[in-house]
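Some notes on the structure that comes next.
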Amino acid sequence: MIDKLSLSDNELLFAFKRGEEYAFKVLYDRYWQLLYVSACKVIKDEDEAKDVVQEVFMSLLKKAAEIDVQGSLSNYLYTAVRYKVFDAISRRKVRSEYADSLTDFVTGQNYTTDRMVLLKEINQEIEKEIQNLPEKMKEVFELSRKSGLSHKEIAELLKISDKTVKKQIGNAIKLLKPKFEGYYFWIMMVLIGQF
C-alpha cells in the first residue's frame, strides 16, 4: 500500500486530476495552514485570510481537469493566494471608500440640509415676531441685530440717546423671548452646530 502523505506534489496533482479524492485532501492538509499564514500576513484579518485560502482550494477543486501547473504546485498555490489577496484588498478598499462616501452623504449632506431647513423655519418665526414689534422698537432692533450697528451708531442715525437704544433693544428681547422658549433648545443646537 502506498503512503499517500509521502507522495510528491506532482504525484498528488496527477492523482487529483484522475479524480482520486484522497489527493485533494492531502494537498489541502499540506498547504492550507501555510497559505493561510501567508494570506494573513498581508490581509491582517483572519476571517478574510481563511476566505481567500478557501476560494483558492475551491477553484482548484472546480478546475481539476483544466489545471496546468508550470513549475511547482506550491508556487502555483502561493501565486493564486497572492492574486486573491490583492482582490480582497481591492474589494476592501472599494467597500471602505463606499462606506466613507455613504457616511459623508448621510452625515454631511442630510445633516446640513436638515440643519438649514430648521434654521430657515426658526428665522421665519423670528422675522414674523420682529414684524409685530412696535415700529420704533422694531427699527432699533433690526439696526442692531440685522445690520450689526452699535448702540452709539444707532443713536446717531436715529437722533436718539444711547440709553434709549439700549432700552428699546432690551424691551424687544423681553417681548420676543417668551415666544421662542420652545425653540430655545433648537436654536442653541443650530448655533453650536450639534443639529
Within the stretch 34-55, considering residues that are basic (Lys, Arg) and assigned to a helix (DSSP H, G or I), the one surrounded by the fewest Cβ atoms within 10 Å (Cβ to Cβ): 41
Within the stretch 128-140, restricting attention to residues that are within 22 Å of residue 158 (Cα to Cα) and without any contact (Cβ under 8 Å) to a residue 24 or more places away in the chain, which residue is surrounded by the fewest Cβ atoms within 10 Å (Cβ to Cβ)? 135
Can you tell me which condition residue 63 does not meet? The list is (1) modelled with pLDDT of 85 or more; (2) of a type outside the set (S, T, N, Q); (3) under 30 Å from residue 21 (Cβ atoms), and all the others hold. (1)
Neighbours by Cβ (under 7 Å, 6+ apart or cross-chain): first from the stretch 159-179, surrounded by 15 or more Cβ atoms within 10 Å (Cβ to Cβ); second assigned to a helix (DSSP H, G or I) and aliphatic (A, V, I, L, M): 165/140; 165/154; 165/155; 168/137; 168/140; 169/140; 171/137; 172/137
Test: residue 160 is outside any helix (DSSP H, G or I) and on the phi < 0 side of the Ramachandran plot: yes
Looking for something of a type in the set (S, T, N, Q), modelled with pLDDT of 80 or more, loosely packed, with under 13 Cβ neighbours inside 10 Å and assigned to a helix (DSSP H, G or I) - is there at least one such residue anywhere in the stretch 71-79? yes
Can you name the residue in the stretch 180-195 that is surrounded by fewer than 11 Cβ atoms within 10 Å (Cβ to Cβ) and outside any helix (DSSP H, G or I) and, of all such residues, is modelled with the lowest pLDDT? 194
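The values are calculated or read from the model by the stated rules, or taken from the named source; none is laboratory data. Since we're looking at a predicted model, the values are computed, not measured. Every residue, glycine among them, receives a Cβ derived from its backbone with ideal geometry; neighbour counts consider all protein chains shown.
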